[in-house]
1. Tell me whether segment 220-238 contains one or more residues that are at pLDDT below 95 and in contact with a strand residue (DSSP E or B) (Cβ under 6 Å, 6 or more places away or on another chain).
2. Could you count how many residues in segment 152-180 are part of a strand (DSSP E or B) and surrounded by fewer than 17 Cβ atoms within 10 Å (Cβ to Cβ)?
3. Taking strands (runs of 3 or more DSSP E) that fall entirely within segment 1-108, which contain at least 2 residues that are in contact with a strand residue (DSSP E or B) (Cβ under 8 Å, 6 or more places away or on another chain) and under 27 Å from residue 130 (Cβ atoms)?
4. Given the residues 126, 89, which is the only one that is assigned by TED's automatic domain parsing to the domain that holds residue 27 and either on the phi > 0 side of the Ramachandran plot or without any contact (Cβ under 8 Å) to a residue 24 or more places away in the chain (or both)?
5. Name the residue, out of 149, 121, 183, 133, that is modelled with pLDDT under 95, touching a strand residue (DSSP E or B) at 6+ places or on another chain (Cβ under 8 Å) and surrounded by 12 or more Cβ atoms within 10 Å (Cβ to Cβ).
6. Between a residue in segment 172-191 that is at positive phi and any residue that is part of a loop (DSSP other than H, G, I, E, B) and at pLDDT 95 or above, which pairs come within a Cβ distance under 6 Å, given they are 6 or more apart or on different chains?
7. Could you figure out which of (1) surrounded by fewer than 18 Cβ atoms within 10 Å (Cβ to Cβ); (2) within 15 Å of residue 34 (Cα to Cα) isn't true of residue 85?
8. Based on this model, can you work out whether residue 133 counts as over 23 Å from residue 228 (Cα atoms), part of a strand (DSSP E or B), touching a residue at least 12 places away in the same chain (Cβ under 8 Å) and assigned by TED's automatic domain parsing to the domain that holds residue 81?
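The values are calculated or read from the model by the stated rules, or taken from the named source; none is laboratory data. Because the structure is predicted, anything quoted here is derived from the model rather than measured. Reconstructed Cβ throughout: ideal geometry from the backbone, glycine too, with neighbour counts over all protein chains shown.
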């Protein structure tokens, strides 16, 4: 268990959502959202890691809207968050999923907990199961909300968001969307969703299906992530315990597949700088860093890894595909994220409210860099 290079941060309440502060490129920061059944007590924690001294400092904000099920930070504005949450109406004794874009207050008195402010409201029909609200990678005035059987594109230039386009699930079964993410390539004109074991990608200019991959996993597909360095590659994970990488130009089989977790895999992330490193989190209470060197952009001209190895000097050892490093929690781990400011630092959060901020082992780091 690789815990010697980790720093632990504990929350008072259960939690399952974590996101790096994407617009912050100098400091290692992560946002965490809690899931307290007492609605008014939910919080968002901003945790900053000082790598030189291995210390943490934090700011806490009230999130009185309800228990947080998904949290995303803006890639453009460091003080904006998108939250999907359960809101309770005590008068009618009902619980509904809602989403808002929230503004983080300017840092003030560290001894006083401030409340997050609503930046954008969304008019979504009651009863909709809101899965995630994803900021556009480069356009500050756009975001997409994924619901049970519908994907909505919004204009968020004003406080009351305007619905620009709705993309509905084509089949009439009981299938529901599980996750969604912008394709950072293709001029950011595509948005990919996960439903059951399938991937469906829409062109937001027309609302039409652009491409799809059926039966990605033997069981429910949980998460997906695009490789920032290879425009046709994306990773998926699911309840079959597998992590796969797909080239969506040829979808008959994955270009990479591993099953190193012993239970459902909830999250998979490419390292944004060194895409041969894959971060994954699972209900088996483990967080893995795996190697996908055979399909990495760091393998020149996409040559076979064995051919590439032969051309290297004896002082250079090529990493082999498979697990490289792991850390263990005491409860299910629903999310793990790389730092946007430091490619060798990552965070993982277990349901018991335990955050681990860890480093890639120095031996691996030097193998990749040298």
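1. Taking every residue of segment 220-238 in turn, none turns out to be at pLDDT below 95 and in contact with a strand residue (DSSP E or B) (Cβ under 6 Å, 6 or more places away or on another chain).
2. Number satisfying all stated conditions: 8.
3. Values: elements: 6-10, 15-20, 28-34, 43-50, 55-62, 67-73, 80-89, 94-103.
Qualifying strands (runs of 3 or more DSSP E): 15-20, 28-34, 43-50, 55-62, 67-73, 80-89, 94-103.
4. Values: 126 fails: either on the phi > 0 side of the Ramachandran plot or without any contact (Cβ under 8 Å) to a residue 24 or more places away in the chain (or both).
Only one candidate passes the filter, namely 89.
5. One residue alone meets the criteria, 149.
6. 188/137; 188/138
7. Looking at each condition in turn, residue 85 falls short on (1).
8. So residue 133 does not fit the description; no.
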